[in-house]
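One structure is given below, encoded as structure tokens.
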Amino acid sequence: FDRDRCQRLDLSGNARNCFLTGNPDSHRNFLSKGLRCLLDVPNTKVYRNAHHGLGRFCSQSSQPLGEKIPSLQISSLGQPSHHFSAWNIQIIRSFHTSPSLQAAPVPLFWIIVKPAQKLFAIILGRSIRNWWKALPPNKRELFKESARKNKWKILLGVSSLGVVFVMFYFTHLEETPITGRARLLVFGKEHFRELSQMEYDMWMEQFKGQMLPETDARYQVVERVVGHLSESNKDIPQVSALRWVIHVVDEPGVNAFVLPNGQVFVFTGLLDAVSDIHQLSFILGHEIAHAVLEHAAEKASLVHFLDFLSLIFLTMIWAICPRDSLAVVGQWIQSKLQEFMFDRPYSRTLEAEADKVGLQFAAKACVDVRASSVFWQQMELAETMQGQPKLPEWLSTHPSHENRAEHLDRLIPEALKIRESCNCPSLSGPDPRLIFRLNMKHLLESSKVREAPNSPKQDLSKPKLDFPHT
């Protein structure tokens, strides 16, 4: 297939397909011809297969979507006889949208005070331990006897401290926009957005030599997708209140994130990994949902609250443990328990909520929401083919690819109803989930053929599998 050539095929209805590959000049020439690329093409059967990472699929229809925003459909389409090669997808071990640093920029004061608080707790606990060791035996017995006599006063004091924490928690609860879920929010929203500007400056400095220009076709794809998503969801105050600014970074990592102030960062590695415009729209809808739902401030608030509570346990650990080495081990165990029992499960909860709201954003933009679960199945397949270890979900801040796809499959019927209520064109093409299952079936059958004793030798690193397109 010639990368610099655009091949047109006449399809049923009034739609036409144009297959492009990763040459930026060919994209610009294609755009200059004024063709309108749609997020949804009725009466057009499209079978998506991953082929050479980044391909471009653009369709023109008599039923433009929304505001008739032209957009290139990133696809893995090849020739009529397609090839599926997930080995060619460049991915990281786990696709982490909204990585931890981007997802939770914290107040500068907290950054300075947090280590000082822990150091103070360690010094205080260690001082209590040394003071207790230095006491004569008779004085130790006097303190123990005094504690037994005043146990109800001590219990009342501890209970009062617990009541203060509970009151603080419930007086700082707010409703999450859109979903209405109750969540702890300690930091002010405006202050948090000011801090996100500081983080924006940091990322711009880091990526200043890798930013794609606005004339690049990949930049224009992201710009149109984000613009269409925001325009389709402008009835939501949190969406219309932000000014969405696009930044496409020439970086192979499969990643994207949105800062709380509306700065959108997309790596070209993500554009290589998605199969079509529908998958890209869902991923960006997911990232926009993180910003709209204020997950950064929420996660930082929870971590700050838990860290403050852990100072009490940290002081107790250093006071009770007879040696510093044991206290260090106890501190490590306490931090890991907090991480795996609270921090990571909460992060997975926020990711699942962003998937749900992002899918709703995509549905209102007339995206084929069925493609959302296919993306995570593709990521799961690519990691399996690359032989990467499959870690348990509880070790990650994100749901596993498999569970994420299953969760989205359960949400898709509701999203399709939202899509229908927005008077979107009907989805007359084949279900991409079915196409993926067929491709997987062919992939397994072809793998068995290659493993047969009398089969001709092939390059197993990049298998070329032909799929029927009927």
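The values are calculated or read from the model by the stated rules, or taken from the named source; none is laboratory data. Remember, predicted model here, so these are calculated numbers, not experimental data. Methodologically, a virtual Cβ is constructed for each residue, glycine included, from the backbone with ideal geometry; neighbour enumeration extends over all protein chains shown. Just so you know, the surface numbers come from the protein's heavy atoms only, side chains and all, with ligands and any DNA or RNA stripped out. Shrake-Rupley method; radii C 1.70, N 1.55, O 1.52, S 1.80 Å.
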Could you go through the range 420-429 and let me know if any residue there is over 18 Å from the mean Cα position of the chain (by Cα) and in a helix (DSSP H, G or I). yes
Mind checking which pairs have a first residue in the range 370-399 that is farther than 20 Å from Arg410 by Cβ and a second that is modelled with pLDDT under 90 and in a helix (DSSP H, G or I), Cβ under 6 Å, 6 or more apart or different chains? Leu381/Ala86; Ala382/Ala86; Met385/Ala86; Met385/Trp87
Of Ile277, Ile320, Ile288, the only residue that is at pLDDT 90 or above, of a type in the set (Val, Ile, Thr) and surrounded by fewer than 24 Cβ atoms within 10 Å (Cβ to Cβ) is Ile320
Report whether or not Ser446 is within 22 Å of His290 (Cβ to Cβ) and open to solvent by 20 Å² or more (accessible area, probe 1.4 Å). no
Considering only the range 390-419, how many residues are part of a helix (DSSP H, G or I) and either acidic (Asp, Glu) or modelled with pLDDT of 90 or more (or both)? 20
Only listed residue being within 27 Å of Asp409 (Cβ to Cβ) and touching a Cys at 6+ places or on another chain (Cβ under 8 Å), chosen from Ile288, Ile277, Ile283: Ile277
Those residues of the range 352-366 which are open to solvent by 10 Å² or more (accessible area, probe 1.4 Å) and closer than 16 Å to Arg410 by Cβ, in sequence order: Ala352, Glu353, Lys356, Gln360
Single unsatisfied condition, Thr315 versus (1) over 23 Å from Ile112 (Cβ atoms); (2) open to solvent by less than 30 Å² (accessible area, probe 1.4 Å): (1)
Go through the range 410-423 and report how many residues are of a type in the set (A, V, I, L, M, F, W, C) and either in contact with a strand residue (DSSP E or B) (Cβ under 8 Å, 6 or more places away or on another chain) or open to solvent by less than 20 Å² (accessible area, probe 1.4 Å) (or both). 2
